[in-house]
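Asker: Can you keep this structure in mind? I'll have questions shortly.
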Ligand SMILES: Cc1cc2nc3c(=O)[nH]c(=O)nc-3n(C[C@H](O)[C@H](O)[C@H](O)COP(=O)(O)O)c2cc1C
């Protein structure tokens, strides 16, 4: 729907929710999907032969981007272990599959200073998950760890250890970020070409799997009578490849899952192929049904070439859920949250990220700058969104803002803000179910805007309705994350 400035300018005061221009489909700018009225048939899953698909839910502790509103008086520490523990416990109370941590390997910089509009200073993932393993019993624990700046032996050893101490609840989100800015932290200056990063990632993962498979199930004997502690062949490995040429003995016995669940989160063709061959879960960015369905079909279609079936890979987009007593209250709340997430400062910083120049003189409630972007200059560093295609992005943003008469901040809300599921508990449960039954996803990785208690509304008010519909577990049926995801032992497990 095209809407010119004249349709709304001059009739509204800035900041009034009901006065802001509608997004695509006539919906308010803070809401990504068409709103399904509570109790209406529109939110019901389409008829399917056989049983309804089960919904998988996970939670991400927010902070890498601007989802978390750390300035909200209800927010508590974004760094302290207690916040991680409380969010993890809420997820386990809601029988979630897993708790997810993203990773940024270098503090972002904006005009030469640390970019601190988002959270800065998060502790290291695997150490934090080890702490969470001690205070949870069933919840899966997923860490993002990069393959460009690490070595397989070390990463495999740390995940094997976490899988042992959590008794089979670990997942590894394999990411391939490569930029030179991050590389400086590792004295490698982004040495890896973009084209090579998935080649390295694939060999990295294959090597890690060889290391995990180097211990058979019965290799740890510990037989006092015979005096034998391990079988003679335990941990022996030899990998000779393009990126890694290593041989020796791997030090850590295999955990209950054979090896950790593998998550992938890239979206390029190489990333999709990598996922179809090697991943158990994809963390995708496609949280609108319109975009999610083709992605889902494309990746599931690729599985057959690797001898895999539809259910061997779960696709879980990132999503937010704003729950209130009524749909109307939820819409107003969603709008408020979105405006907090895209503050005037964040709006200008994001625009500067694409324009590559200082735009601090521009009014966030005014029109886009008349000056052209400088695509070669990077003033917001370490932020993947602003890494490439900036000229094209600037062109598209100008087009959207021009067509709909959006101010800088409104445009940023339209392109970077917005909530996925908004409504009463019933509406949110219907919409989550509908999305999954329509093959847009197998579930979601929810990202609350408040740390640490932002998941409670979903756990206490939405989960029971999903259970009532018969599309969500009443309780965990097994001890491991592979059990939660309906996955068997990996084929490489000896
Ligand atoms: C939903 C999503 C989450 C991601 N999370 C991280 C992360 O936490 N840390 C990281 O270094 N890269 C992260 N990435 C980046 C990807 O792993 C990958 O490096 C990037 O998307 C480029 O790969 P591609 O060309 O296949 O898309 C994420 C990407 C997506 C789509």
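The values are calculated or read from the model by the stated rules, or taken from the named source; none is laboratory data. Nothing here was measured: the structure is a model prediction, and the numbers come from that model. Cβ atoms come from the backbone with ideal geometry, glycine included; neighbour counts cover every protein chain shown.
Asker: Could you list, in sequence order, all residues of the range 481-494 that are under 20 Å from residue 143 (Cα atoms) and either in contact with a strand residue (DSSP E or B) (Cβ under 8 Å, 6 or more places away or on another chain) or surrounded by fewer than 19 Cβ atoms within 10 Å (Cβ to Cβ) (or both)?
Answerer: 481, 482, 484, 485, 486, 487, 489, 490
Asker: Take residue 149 and tell me if it is touching a residue at least 60 places away in the same chain (Cβ under 8 Å), more than 15 Å from the chain's Cα centre (by Cα) and not assigned by the TED database to the domain that holds residue 383.
Answerer: no
Asker: Please find, within the range 201-231, the residue that is farthest from the ligand (Cβ to nearest atom) out of those that are within 24 Å of the chain's Cα centre (by Cα) and surrounded by fewer than 20 Cβ atoms within 10 Å (Cβ to Cβ).
Answerer: Step by step, filter the range 201-231, then rank; the result is 206.
Asker: Can you pull out the residues in the range 275-320 that are surrounded by fewer than 20 Cβ atoms within 10 Å (Cβ to Cβ) and either free of Cβ contacts under 8 Å to residues at least 12 places away in the same chain or part of a strand (DSSP E or B) (or both)?
Answerer: If the condition is that a residue be surrounded by fewer than 20 Cβ atoms within 10 Å (Cβ to Cβ) and either free of Cβ contacts under 8 Å to residues at least 12 places away in the same chain or part of a strand (DSSP E or B) (or both), then 290, 291, 294, 301, 304, 307, 309, 310 are the ones that fit.
Asker: Further question: Has the range 323-336 got at least one residue that is under 18 Å from residue 416 (Cβ atoms) and crowded, with 20+ Cβ neighbours inside 10 Å?
Answerer: Yes, that holds for at least one residue.
Asker: Quick one: residue 173 ticks every box in (1) within 12 Å of the ligand (Cβ to nearest atom); (2) buried (at least 22 other Cβ atoms within 10 Å of the Cβ); (3) in a loop (DSSP other than H, G, I, E, B) bar one, so which box is it?
Answerer: Here residue 173 clears every test but (3).
Asker: Among all residue pairs at least 6 apart or on different chains, which show Cβ distances below 6 Å where the first residue, located in the range 197-209, is assigned by the TED database to the domain that holds residue 272 and farther than 18 Å from residue 251 by Cα and the second is more than 13 Å from the ligand (Cβ to nearest atom) and part of a helix (DSSP H, G or I)?
Answerer: Short answer, once both residue conditions are applied: none.
Asker: I'd like to know if the range 211-224 contains one or more residues that are touching a helix residue (DSSP H, G or I) at 6+ places or on another chain (Cβ under 7 Å), farther than 28 Å from residue 97 by Cα and either in the same structural domain as residue 166 (by the TED database) or modelled with pLDDT under 95 (or both).
Answerer: For the range 211-224, residues touching a helix residue (DSSP H, G or I) at 6+ places or on another chain (Cβ under 7 Å), farther than 28 Å from residue 97 by Cα and either in the same structural domain as residue 166 (by the TED database) or modelled with pLDDT under 95 (or both): absent.
Asker: Residues being part of a helix (DSSP H, G or I), in contact with a strand residue (DSSP E or B) (Cβ under 7 Å, 6 or more places away or on another chain) and more than 20 Å from residue 394 (Cβ to Cβ): count how many of those fall in the range 321-354.
Answerer: 7
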